[in-house]
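Student: There's a structure below that I have some questions on.
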Amino acid sequence: MSANSSNAVVAKARAIYGKRLSEADYTELVRRQSVSEVADYLKRSTHYRDILAAVDTNTVHRGYLEDLLRKNTFAIYSGLCKFQQLDKIEFYRYDIVNKEIGQILRCILCLNTDSEDDYISSLPAYLIQHARFDLLGLAKAKSFDDILAVIRHTGYYDVLKHVKPDANGKYDYTACEVALRTYYLRWLGENVSKSFSGKTAHDLRFLILTQVDLINIINSYRMKTYFNTPVDDIKASMLPFYGRLSEKKLTELYEAPDNDEFMRRLGRTYYGRQLSQLDDDSLEKQTTELRYKYAKITLRVSQSAPVSLYAIHFLFELEVENLISIIEGIRYQVPSGYIEKLLIK
Amino acid sequence: MSIEKMELVNIVGMNDELDGVLVKCCQSNCFHIESASQLLGSSKHVDVLSEDNPYTQPLRNIISLASAMDFKLTGVDYDELEMNSVDELDGYIKEVTELSADINARVKLLSEEIAQRKHALRQLKHLKGLDVDFEKLFACEHIKIRFGKLPFDSYKKLDYYSDKPVFFFTFDNDSDYYWGLYMVPAVYSDGIDDIFKSLYFERVRIPDFVKGTASNALEEITEELNREQSELDELHKQIKTMLDEHQDKLNMAFSKLKYLHDNFDLRRYVTSINGKFYLVGFVPEAQSKKFIALFDEFSSVSVVMKPPELDGRVTPPTKLKNGLFSRPFSMFVEMYGLPEYGTFNPTLFVAITYTLMFGIMFGDLGQGLVLTIGAAILAAKTHNKLAQIAIRLGISSSIFGLVYGSVFGNEELLTPMYLAMGFKEKPFEVLDRIPVILGGAIAIGVLLILTTMIINIITGFKNADYERAVFGNSGICGLTFFGSLIGGALGTLLGAKVFSVPYVLGLIILPLILMFLREPLGCLMKKKKYKAEGIGDFIASNFFEVFEFLLGYATNTLSFIRIGGFVLSHAAMMKVVVSLAEMASAGGSPVVMVLGNIFVMAMEGMLVGIQVLRLQYYEMFSRYYTGGGRPFEPVKVNFSAELE
């Protein structure tokens, strides 16, 4: 990719960044009294006006609204990929691959809970034309073998083909998730190495591995705190990639005898030193805020197309998560002050 | 050209004279009100007057009435109005409201019915392909029929439900929805309705008044709609007749109510102690005698004026005092931020430098004159500040156009004039003097930077900010350092040996060291103790700051090269226009010249204006100006038909 093309993508990503919701938008949104009012505000006053142009905000269903917001983020991502023909490079399929894995896992979950019919309603239809396997075929799967048949010609098949059911006929969802996410990260790493070099590759790895570190921290924290999971099971559930936290440091966290010790050890790590407070209530939010901060800084300083795209895509996904928090909060009549505390901005 | 001197005004009197005093304050057009409780503090004897405004409801009533009659209220002179009390005004408003009530009620009903029919029309348009009688469809006992729209994405998922007892027929689609109906046996309708709900199917309720097929229904509804629309138009005409009769009186009533309402609202700034009110504000010193005289008729009211410096609790607002030439340029200063009271008003400096730089960069006699004349016409019609600025810029551009010898891009037209003046040839050919122009631009930049530093030093001393005035990067040390570097470079170019050891040590190294130590030295001058975070932190942070200063000198100076750049680009663009005109036919040549000049004037004019403003804000203001002032806003009534 030429330097001019890269500059064009970086400039475009930064221009799109300028359209993100502001503090004032969030303040207005949390004060709305109903999902219709939220939809109306988004339609009138924000960059979501295009995707909501044909929607009747008085009657729009909450779930449909959330789907449209996610679709908008995907459209931003795919629009940037098509710009300067980036989509010819395999790396730029990363979100599609990630979502394909998400769909396979969702299908497995529905099978395990005997709710196969629920899968179709959550399937994002905009993904159908992009996926490399038949998503509607996946929706019709009634067994794990049916799932394998659908994904047979993809890399996911080799990852899952050896998974066996337990005595109740259920498939270990966590094991499947770890296996597929590991596959994804390996795929991502290989494509970064294959397609990029120098600072671009370094910055991408930083963003990706930071994400992995923070996911490992939060998952291990949840497993310890809420499920009292044994250390060996925690280790087996973690993603085997290490960014700023070495395997040794992460193991120290897993092996903490209690929550307080976990927090103390976390406080001595690279990430822990950047968190303003180490407590149960805010740890998850703070780690996401850290990822948000890195993505913003990266977007501001990077001159590389893939790095800018990766960062801006994450920022928009986070924005949609904020909007969903607002919509769900309003739906369940949560006080606006509480909703605001959940937002990452 | 400075900042208007203010007087701090304290007005005290008995509460029963408060309304009259507030009216006088509004009428004076020179009183900037402050909250008295800021100065008096709070105690059990101090009350802030926060009663309900009795004029709010009548004002709301008249605004609603105007809105219902689709009439825009405006502020007018209400001396002729015979109603004085709020009851009389409210009574009149209610009378007119009752007169229009019946018509408005009918208008509301019709508007709702029209909206419903339009909604039904929109839905039916998508079902035009359905050639079946709606009544027959809805009469089915064993089959349920649902009309509506299915999102585009959900339509893709219908294949999953191919084994369910339901048919979906589409009659229309766009990029977002498929419009149609689904049919399901009544016994399965609940389950199928749930499925379609999960697919976000939005049901469209067909109103009872829809009969026949979709096409028939469309015709009937359109006819009905037209009939109702005609009736609505007739009603609007009746409202207009009524309005013509009452319009003037309504405007007068509104103006009086707004005046009384806004005056009453000012009470929230007033404090009361033991039956007496206390009002505080600022008045320009030049108008203070006239202001005091306004209150002579009030027996209990006393007005005390004192210099604002005597009371540090309230910062006076800023009112810029500018001459005729610089007045419109206050717009640029206000955009950046007003100066604090008592500090330097940069408007004249901005006016002179902006006008000169623009003239240099846009120099063309013909284009300058066109700009001047065009701006003068616009300014006369609209009193727009930008137009007023453009008049000055146009004159400056014309003068520099004379220097460059350029008239609408023609470089030869003024040659006879130069020869008549005694020159052997045209004295200045822009495109042949590129090094001179670029060098001149840098020289202008150096001169302006030195000037802004001098301004900074003077204002720093005036405000007793010695760190800034002496040791700052735009203070005496910065001036010495920068000036010595430039002087040394110039001297070296001219062949003199300037950079001797004493010169370098005394005028370059020493100022740098003093800038590095500016914080502790500034504290020393103020006889305060300096608290450092740690020697390492001190060295690191100040090292990078001084490095930033050095970079700033270089970049700020080089930034002025754009002045030369735009002189050259203007000349080059006009050369292209002239060349194109020469290439065109005899008839086309004038057209090309005119269009080319318009294009260059518009584009270059805008670019040069923005670039000069950028030089003002980034390269100059950053050296001597911080803003931070509050605008002087005398109390007055706002006659917009909106209540806060």
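The values are calculated or read from the model by the stated rules, or taken from the named source; none is laboratory data. Since we're looking at a predicted model, the values are computed, not measured. Cβ placement follows ideal geometry from the backbone for every residue including glycine, while neighbour counts extend to all protein chains displayed. Please note that ligands, DNA and RNA were not included when accessible areas were found on the heavy atoms of the full protein model with its side chains. Shrake-Rupley method; radii C 1.70, N 1.55, O 1.52, S 1.80 Å.
Student: Would you kindly state how much longer the chain becomes between B:Ile535 and B:Leu431 on full extension, computed as 0.36 nm times their sequence separation minus their alpha carbon distance, in nm to one decimal?
Tutor: Details: separation 104, 0.36 × 104 = 37.44 nm, distance 5.50 nm.
Going from the current span to full extension adds 31.9 nm.
Student: Please average, across the residues of A:116-126, the number of beta carbons from any other chain that are within 10 Å of each residue's own beta carbon, and give a whole number. Mind showing how you got there, number by number?
Tutor: Details: counts 0, 4, 1, 1, 9, 8, 1, 5, 1, 8, 3.
The shielding value for this peptide is 4.
Student: Through the Karplus equation 6.51 cos²θ - 1.76 cosθ + 1.60, θ set to phi - 60°, convert the phi angles of region A:311-316 into ³J(HN,Hα) values in whole Hz; use x for Gly and Pro.
Tutor: 5, 5, 5, 4, 4, 6
Student: What does a probe at B:Leu490 reach in region B:404-438, counting residues whose amide N is under 17 Å from the point 7 Å along Cα→Cβ?
Tutor: Once the point is set 7 Å along Cα→Cβ of B:Leu490, B:436-438 turn out to lie under 17 Å by backbone N, inside region B:404-438.
Student: How far apart, in nm, are two points set 7 Å out from the Cα along the Cα-to-Cβ line at B:Lys125 and at B:Ser175?
Tutor: So the two model labels end up 1.7 nm from each other.
Student: Same structure, new question: Which whole-number value in Å² is the accessible area per residue of region A:107-217, probe 1.4 Å? Could the numbers behind the result be given before it?
Tutor: Numbers: 5240 Å² over 111 residues.
On a per-residue basis, 47 Å².
Student: Order these peptides, A:29-37, B:167-175, by their mean beta-carbon neighbour count within 10 angstrom, highest first. If you can, show how the numbers build up before the last one.
Tutor: Working: A:29-37: 17.6, B:167-175: 13.8.
By packing density, highest mean first, the sequence is A:29-37, B:167-175.
Student: Using the Karplus curve 6.51 cos²θ - 1.76 cosθ + 1.60 with θ = phi - 60°, what ³J(HN,Hα) values do you get for each residue of region A:274-287, in whole Hz, with x for Gly and Pro?
Tutor: 9, 8, 6, 9, 10, 9, 4, 5, 10, 4, 5, 5, 5, 5
Student: Let me know the shape class of chain A, please: from the alpha-carbon gyration tensor, a ≥ b ≥ c as square roots of the eigenvalues, rounded when a/c is under 1.5, otherwise prolate if a/b is greater than b/c, or oblate.
Tutor: Rounded.
Student: Sticking with this one: Would you mind giving the mean number of other chain beta-carbons within 10 Å of the Cβ of each residue in A:127-135, as a whole number?
Tutor: On the way: counts 1, 3, 1, 0, 0, 0, 0, 0, 2.
Mean inter-chain Cβ contacts per residue within 10 Å come to 1.
Student: Let me ask another. For B:Val403 and B:Asp311, FRET efficiency with R0 = 56 Å and r from the beta-carbon atoms, rounded to 0.05? Intermediate values should be presented prior to the final figure.
Tutor: Details: r = 53 Å, r/R0 = 0.95.
The pair B:Asp311/B:Val403 has a calculated efficiency of 0.60.
Student: What residues qualify as long-range amide H neighbours of B:Glu7, i.e. H under 5 Å apart, gap of 5 or more or another chain, H built at 1.01 Å from N?
Tutor: Answer set, sorted by chain and number: B:Val283, B:Glu285.
Student: Same structure again: If you roll a 1.4 angstrom probe over the protein chains with everything in place, what fraction of the accessible area of the protein assembly as shown belongs to carbon and sulfur, to the nearest %? Walk me through the intermediate numbers first.
Tutor: Values: 28130 of 50070 Å².
Carbon with sulfur: 56 percent of the solvent-accessible area.
Student: Something else now. Give the A-B buried accessible area in Å², both sides summed, 1.4 Å probe, nearest 100.
Tutor: Details: alone 16980 and 34760 Å², together 50070 Å².
It comes to approximately 1700 Å² buried between A and B.
Student: Shifting gears a bit: Using modelled backbone amide H atoms (1.01 Å from N, in-plane), which distant-in-sequence or interchain residues come within less than 5 Å of B:Thr213's amide H?
Tutor: B:Phe134
Student: Once both labels are modelled 7 Å past Cα along the beta-carbon direction, what's the A:Asp118-B:Phe544 spacing in nm?
Tutor: It is 5.1 nm.
Student: Suppose accessible area is computed on protein heavy atoms with a 1.4 Å probe; arrange B:Ser67, A:Ser22 from highest to lowest. Numbers along the way, then the final one.
Tutor: Working: B:Ser67 85, A:Ser22 50 Å².
If we order B:Ser67, A:Ser22 from most to least accessible, we get B:Ser67, A:Ser22.
Student: I would also like to ask the following. R0 = 25 Å: FRET efficiency of B:Ser35 with B:Tyr336, Cβ-based, nearest 0.05?
Tutor: Working: r = 27 Å, r/R0 = 1.09.
FRET efficiency, B:Ser35 to B:Tyr336: 0.35.
Student: Work out the mean other chain Cβ neighbour count within 10 Å for the residues of B:174-181 and drop it here as an integer.
Tutor: On the way: counts 1, 2, 6, 2, 0, 0, 0, 0.
For peptide B:174-181, the averaged partner shielding equals 1.
Student: Something else now. How many Å² of accessible area per residue for chain B, probe 1.4 Å?
Tutor: Values: 33890 Å² over 644 residues.
Per residue, chain B has 53 Å² of solvent-accessible surface.
Student: What do you get when you divide the Cα radius of gyration of chain B by 2.2 N^0.38 Å, with N the number of residues? Working shown, then result.
Tutor: Working: Rg = 37.3 Å, N = 644, 2.2 N^0.38 = 25.7 Å.
Normalised by 2.2 N^0.38 Å, the Cα Rg of chain B equals 1.45.
Student: What does the charge count around B:Arg327 come to, taking other residues whose C-beta lies under 14 Å from its C-beta (Lys +1, Arg +1, Asp -1, Glu -1)?
Tutor: Values: positive: B:Lys319, B:Lys321, B:Lys385, B:Arg392; negative: B:Glu4, B:Glu334.
Once positives and negatives cancel, what remains is +2.
Student: When Lys and Arg each count +1 and Asp and Glu each count -1, what net charge do the other residues less than 10 Å away from B:Val635, Cβ to Cβ, add up to? Present the calculation step by step, with values, prior to reporting the outcome.
Tutor: Numbers: positive: B:Lys636; negative: B:Asp262, B:Asp265, B:Glu633.
Spelling it out: positives minus negatives among the neighbours equals -2.
Student: Of the lysine pairs in region B:163-321, how many meet both conditions: Cα atoms under 21 Å apart, and a spacing of 8 or more in sequence or different chains?
Tutor: Value for region B:163-321: 13.
Student: Find, among the GluC sites (Glu not before Pro) in region A:223-257, those assigned to loop by DSSP (not H, G, I, E, B) with at most 10 other beta-carbon atoms within 10 angstrom. Kindly include the intermediate steps, with their values, before the conclusion.
Tutor: Numbers: sites: A:Glu247, A:Glu252, A:Glu255; in loops: A:Glu255.
Filter output for region A:223-257: empty list.
Student: For region B:378-451, which GluC sites (Glu not before Pro) pass both filters: DSSP loop (anything but H, G, I, E, B) and at most 16 other C-beta atoms within 10 Å?
Tutor: On the way: sites: B:Glu411, B:Glu412, B:Glu425, B:Glu429; in loops: B:Glu411, B:Glu412, B:Glu425, B:Glu429.
Those satisfying the criteria are B:Glu412, B:Glu425, B:Glu429.
Student: Also, I was wondering about something else. Helices from chain B with mean Kyte-Doolittle at least 0.0 and a Cα length along the axis of 30 Å or more, per DSSP H: which? Walk me through the intermediate numbers first.
Tutor: On the way: long enough: B:86-126 (55 Å, -0.53); B:214-265 (61 Å, -1.05); B:434-462 (42 Å, 2.06); B:535-559 (35 Å, 0.78); B:561-583 (33 Å, 1.30); B:588-614 (38 Å, 1.44).
Passing helices, by number: B:434-462, B:535-559, B:561-583, B:588-614.
Student: To the nearest 0.05, what FRET efficiency results for A:Gln129 and A:Ser195 with a Förster distance of 22 Å applied to their C-beta separation? Can you show the working numbers first?
Tutor: On the way: r = 24 Å, r/R0 = 1.08.
That gives a FRET efficiency of 0.40.
Student: For n ≥ 4 DSSP H runs only, could you compute -39500 (n - 2.57) per run for chain B, divide by its residues and tell me the 222 nm figure to the nearest 500? Let's see the in-between values first.
Tutor: Numbers: 22 runs with 355 residues, N = 644.
Per the formula, -18500 deg cm²/dmol.
Student: Give me the one-decimal nm value for the distance between modelled label points at A:Asp281 and A:Ile297, 7 Å along each residue's Cα-to-Cβ direction.
Tutor: 2.7
Student: Then there is this: Let me check I've understood the local charge: for A:Leu65, count other residues with C-beta under 15 angstrom from its C-beta, Lys and Arg +1, Asp and Glu -1. What total comes out?
Tutor: Working: positive: A:Arg32, A:Lys43, A:Arg44, A:Arg49, A:Arg62, A:Arg70, A:Lys71, A:Arg331, B:Lys197; negative: A:Glu37, A:Asp40, A:Asp50, A:Asp56, A:Glu66, A:Asp67, A:Glu319, A:Glu321, A:Glu328, B:Asp153, B:Asp176, B:Glu202.
Local net charge: -3.
Student: Between A:Ile326, A:Ile128, A:Ile96, which gets the highest mean-square fluctuation from a Gaussian network model of chain A, Cα cutoff 10 Å?
Tutor: A:Ile128
Student: While we're on this one: For B:Glu633 and B:Val187, compute 0.36 nm times the residue count separating them, minus their Cα-Cα distance, and round to one decimal in nm.
Tutor: 153.2 nm
Student: Taking θ as phi - 60°, what are the ³J(HN,Hα) couplings along region B:280-285 by the Karplus curve (6.51, -1.76, 1.60), each to the nearest whole Hz, with x for Gly and Pro?
Tutor: So the J values, rounded to whole Hz, are 10, x, 10, 9, x, 4.
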